[in-house]
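The structure appears below as structure tokens.
The values are calculated or read from the model by the stated rules, or taken from the named source; none is laboratory data. A quick note: this is a predicted structure, and the numbers were derived from the prediction, not measured. Neighbour counts run over all protein chains shown; Cβ positions are idealised from the backbone, glycine included.
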Amino acid sequence: MILAMTADRINRLCLLLLFSASLVAATFTVVNNVQRSRIFHQLDYEEGNILNTALRINHGLTPYPNPHTWPVVINPYGPLPYYLTAIPVHYFGASFAPARMLIIVVCVMCALLIGLLIHQFTGSPLLGASFALLFLSHRLVGAWMPILRVDFIALSLVLLGLYCFEQRRERWWLAVVFLALATFTKFSFVAAPGACFVYLLTRKDWKRTIQFTVGMCVALAFLFGVAILVTHGNFARDVFMTETSPMHWYQLPTSYRLLLGSNPLIAALAIAGLICAFLKRQFDLPVLYALFALAESLTAAKVGSNMNHLVELVTALFLLAGWFVGQMLRRGGAVGVTTCAVTLLLGVWALLLLRYLPSTRPIPVCAAIYQSVGQLPSDRILSEDVGLLVVNHKSVWISNPFAYAIISTSAQSPDTQLQQHIADRWFDYILLGEDPGQPSFRWSAPVQEAIRKNYVMIGQSACRDLHSVWVPAPEPRKP
């Protein structure tokens, strides 16, 4: 009895220390990312495309225009993140900081839902709160927290769906609504619906399995059907034709290595949880979600993908690790104390990594070129860095060059219009992320050839997505 009381006290002390360390790490990480959000230049390629679409919405334009029209706008995600981003743009104008703050708020909301889910799985509010804070301080999460992308918006919907699925069994339709909206927002987010479906199958709950499956199919069909009808098919073209980018499988080992390096202790606890689940044949929702999220993370091998494709896997690892710690604490005794001590190391790890938080200062070379372009009298600028044009109130002629290059390989949507503009030297400036002679996934080979023939490079920059500046070549002299 005395030993049991001592173990409980040790466990509680470890959890209190874990919570304290996690709170410090999460606070520093969020404050740092609030500062990063104020950087006025683009931090990620997709940021400019989303900001441009939010600006279009405020001008009463559709996010999914016909790609054959000029200028070209292609958006490969569902409409929800674009319309949400349009809200801060409406009140604060076309700048990155307010829109990024929206993503930070959504990320904090994701952490809160993770804490609530772990509390639901384990019955420990202290453990749930600690893991929620640890999620915010995770290096990969912190790196993407102030970036204007759709991932955390989709993830918040996934976590809302999982919470409703776990908390309100009789309101299965509410979980269906959130999970369908998440998939409709980013179409690779299918791990949670898959986990819920298999979970119901393993419980042999045939009625709920049928309800959930039919509900998801109807909800997705409704959302996609309405979007396709409203946009006259342009939504389907943007979404489905841009999913044909090739897979570079050699990228995956590097991505997983960076994920493990971000917090190897979380990965170790999650792996221990998987082993425990398989040995006991205890396939609870966190276990199944982690397995499906691992399979979903293979999308990180797609050309154009980045580490943001691993955000849902990180979330699933946290849920699984929290569930496993809860299982061990229920066993009590030496097992519980050992698990608590190992879990405390998560907080120590988070504190040690605070010195590696990303810089909150703008990149000097990016600041210089953003200023220079803002002072140009011309509005005919073709740029890979779409954000450069948006924040300087310049017209965006091609929004999402990467998606446009993918679609242009189709016979139905060639980029002949862009090729002709370049051949006519219609653009006064072309700003590229790479030299036209280098392999590119953002411009087709004919477009690159047209740039080489009709433009000359006048400058280079070390700014991301702004490697070289091109102007029209002088006309040959007539004999």
- Message: Looking at the structure I just gave you, is Leu432 under 26 Å from His90 (Cβ atoms) and either of a type in the set (A, V, I, L, M) or modelled with pLDDT of 95 or more (or both)?
- Response: no
- Which numbered condition Trp426 fails, given (1) buried (at least 17 other Cβ atoms within 10 Å of the Cβ); (2) within 18 Å of Leu389 (Cα to Cα): (1)
- Query: If only one of Pro414, Pro401 is out of contact with any Phe, Trp or Tyr (no Cβ under 8 Å at 6 or more places or on another chain) and either under 15 Å from Ile451 (Cα atoms) or free of Cβ contacts under 8 Å to residues at least 24 places away in the same chain (or both), which one is it?
  - Reply: Pro414
- Task: Just give me the residues in the stretch 197-255 being small (Gly, Ala, Ser), touching a residue at least 24 places away in the same chain (Cβ under 8 Å) and farther than 15 Å from Leu179 by Cα, in sequence order.
- Result: Ala227, Ser245, Ser255
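Matching residues to (1) in contact with a Pro (Cβ under 9 Å, 6 or more places away or on another chain); (2) at pLDDT 95 or above; (3) surrounded by 18 or more Cβ atoms within 10 Å (Cβ to Cβ):
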residue	(1), (2), (3)
Cys276	no, no, no
Leu279	no, no, no
Gln282	no, no, no
Val287	no, yes, yes
Phe292	yes, yes, yes
Ser297	no, no, yes
Ala316	yes, yes, yes
Leu319	yes, yes, yes
- Task: Return yes or no: is Ala192 without any contact (Cβ under 8 Å) to a residue 40 or more places away in the chain, touching a helix residue (DSSP H, G or I) at 6+ places or on another chain (Cβ under 9 Å) and buried (at least 24 other Cβ atoms within 10 Å of the Cβ)?
- Result: no
- Which number in (1) of a type outside the set (Ser, Thr, Tyr); (2) exposed (fewer than 13 other Cβ atoms within 10 Å of the Cβ); (3) part of a helix (DSSP H, G or I) marks the one condition that Trp249 misses? (3)
- Item | Residue count, the stretch 114-138 (criterion: under 26 Å from Tyr82 (Cβ atoms) and surrounded by fewer than 23 Cβ atoms within 10 Å (Cβ to Cβ)) | 0
- When restricted to Val396, Val447, Val390, the only residue modelled with pLDDT of 95 or more and part of a helix (DSSP H, G or I) is Val390
- Message: For the list (1) in contact with a Ser or Thr (Cβ under 8 Å, 6 or more places away or on another chain); (2) aliphatic (A, V, I, L, M); (3) not in a helix (DSSP H, G or I), I need the number of the one condition that Ala94 fails.
- Response: (1)
- Item | Sole residue being of a type in the set (A, V, I, L, M), without any contact (Cβ under 8 Å) to a residue 60 or more places away in the chain, in contact with a helix residue (DSSP H, G or I) (Cβ under 9 Å, 6 or more places away or on another chain) and farther than 30 Å from Tyr64 by Cβ, chosen from Leu279, Leu320, Leu285, Leu291 | Leu320
- For the stretch 139-159, does any single residue satisfy the condition of being in contact with a helix residue (DSSP H, G or I) (Cβ under 7 Å, 6 or more places away or on another chain), of a type outside the set (A, V, I, L, M, F, W, C), crowded, with 24+ Cβ neighbours inside 10 Å and not in a helix (DSSP H, G or I)? yes
- Query: Does Val396 count as among the β-branched types (Val, Ile, Thr), in contact (Cβ under 8 Å) with a residue 24 or more places away in the chain and under 21 Å from Gly374 (Cα atoms)?
  - Reply: yes
- Item | Selected residue (only one of Tyr91, Tyr77, Tyr45 is crowded, with 22+ Cβ neighbours inside 10 Å and either of a type outside the set (Lys, Arg) or touching a Pro at 6+ places or on another chain (Cβ under 6 Å) (or both)) | Tyr77
- Here the residues within the stretch 187-198 that are in contact with a Ser or Thr (Cβ under 9 Å, 6 or more places away or on another chain), assigned to a helix (DSSP H, G or I) and of a type outside the set (A, V, I, L, M, F, W, C) are Pro193
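A quick yes/no check of all residues on (1) surrounded by 15 or more Cβ atoms within 10 Å (Cβ to Cβ); (2) in contact with a Ser or Thr (Cβ under 8 Å, 6 or more places away or on another chain); (3) not charged (D, E, K, R):
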| position | (1), (2), (3) |
| --- | --- |
| Ala367 | yes, no, yes |
| Tyr370 | yes, no, yes |
| Ser395 | no, no, yes |
| Ser399 | yes, yes, yes |
| Pro436 | yes, no, yes |
- Restricting the stretch 69-91 to residues that are assigned to a loop (DSSP other than H, G, I, E, B) and over 20 Å from the mean Cα position of the chain (by Cα), the one farthest from Leu389 (Cα to Cα) turns out to be Thr69
- Query: Counting only residues that are free of Cβ contacts under 8 Å to residues at least 40 places away in the same chain and over 13 Å from Leu113 (Cβ atoms), which one in the stretch 160-174 is surrounded by the fewest Cβ atoms within 10 Å (Cβ to Cβ)?
  - Reply: Glu170
